[in-house]
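Structure first, commentary second.
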Amino acid sequence: MKIIIVLLISTVMIGCGMVKNSKTETVIIQTNAECGMCKDRIEGELNYVKGIRFAELDVASKELTLKYNSEQISLDEIRKKVTEIGYDADGLKADPKAQTELPACCQPGGMKKEGK
């Protein structure tokens, strides 16, 4: 019985070690997000993309912090995904069609236009 428990624990520890060896990277992408709705939209989309482990937007700084597996998705693919949602991503401009479909407060300068 002790041998089975030791083998089970060893298997779990080895499995955990394999997960940690994956190519997880952390990056910050500069966006043009304006408000809490932008935060919800970006995080809601990116946190369900295969290969992205974590996505969090700091609205005040407009910085999107990401942890991702570089073996499953590239940084360029992530930036492209952000532009497809309707936001700038570092040097890439937002997809114009996606951007016009955002709520008014999420449009570039939208929070200033609404006087908030």
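Run down Thr100, Thr31, Thr11, Thr24 and say which single residue is of a type in the set (Ser, Thr, Tyr), surrounded by 13 or more Cβ atoms within 10 Å (Cβ to Cβ), on the phi < 0 side of the Ramachandran plot and modelled with pLDDT under 95.
Details: Thr100 fails: surrounded by 13 or more Cβ atoms within 10 Å (Cβ to Cβ); Thr31 fails: modelled with pLDDT under 95; Thr11 fails: surrounded by 13 or more Cβ atoms within 10 Å (Cβ to Cβ).
Answer to the check: Thr24.
Could you check region 38-50 and list, in sequence order, the residues that are over 21 Å from Asn69 (Cα atoms), surrounded by 16 or more Cβ atoms within 10 Å (Cβ to Cβ) and either of a type in the set (A, V, I, L, M, F, W, C) or free of Cβ contacts under 8 Å to residues at least 40 places away in the same chain (or both)?
Matches in region 38-50: Cys38, Lys39.
Here is a list of conditions, (1) within 9 Å of the chain's Cα centre (by Cα); (2) exposed (fewer than 15 other Cβ atoms within 10 Å of the Cβ), and Ala60 meets all of them except one; can you say which number that is?
Condition not satisfied by Ala60: (1).
Would you call Gln107 in contact with a Gly (Cβ under 7 Å, 6 or more places away or on another chain) and either surrounded by 14 or more Cβ atoms within 10 Å (Cβ to Cβ) or at positive phi (or both)? Step through it out loud before you land on a result.
Numbers: in contact with a Gly (Cβ under 7 Å, 6 or more places away or on another chain): no; either surrounded by 14 or more Cβ atoms within 10 Å (Cβ to Cβ) or at positive phi (or both): yes.
Considered against the rule, which asks whether it is in contact with a Gly (Cβ under 7 Å, 6 or more places away or on another chain) and either surrounded by 14 or more Cβ atoms within 10 Å (Cβ to Cβ) or at positive phi (or both), Gln107 comes out as no.
If you check Lys50 against the conditions, is it under 14 Å from the mean Cα position of the chain (by Cα), at pLDDT 95 or above, closer than 19 Å to Pro103 by Cα and of a type in the set (Lys, Arg)?
no
Just give me the residues in region 64-97 being of a type in the set (S, T, N, Q), in contact with a Leu (Cβ under 9 Å, 6 or more places away or on another chain) and surrounded by fewer than 16 Cβ atoms within 10 Å (Cβ to Cβ), in sequence order. Full working, then the answer.
Restricting attention to region 64-97, the residues satisfying the condition of being of a type in the set (S, T, N, Q) are 65, 69-70, 72, 74, 83.
Subsequent filtering for residues that are in contact with a Leu (Cβ under 9 Å, 6 or more places away or on another chain) retains 65, 83.
If the condition is that a residue be of a type in the set (S, T, N, Q), in contact with a Leu (Cβ under 9 Å, 6 or more places away or on another chain) and surrounded by fewer than 16 Cβ atoms within 10 Å (Cβ to Cβ), then Thr65 is the only one that fits.
The values are calculated or read from the model by the stated rules, or taken from the named source; none is laboratory data. Keep in mind the model is a prediction, meaning the values are calculated, not measured. Neighbour counts run over all protein chains shown; Cβ positions are idealised from the backbone, glycine included.
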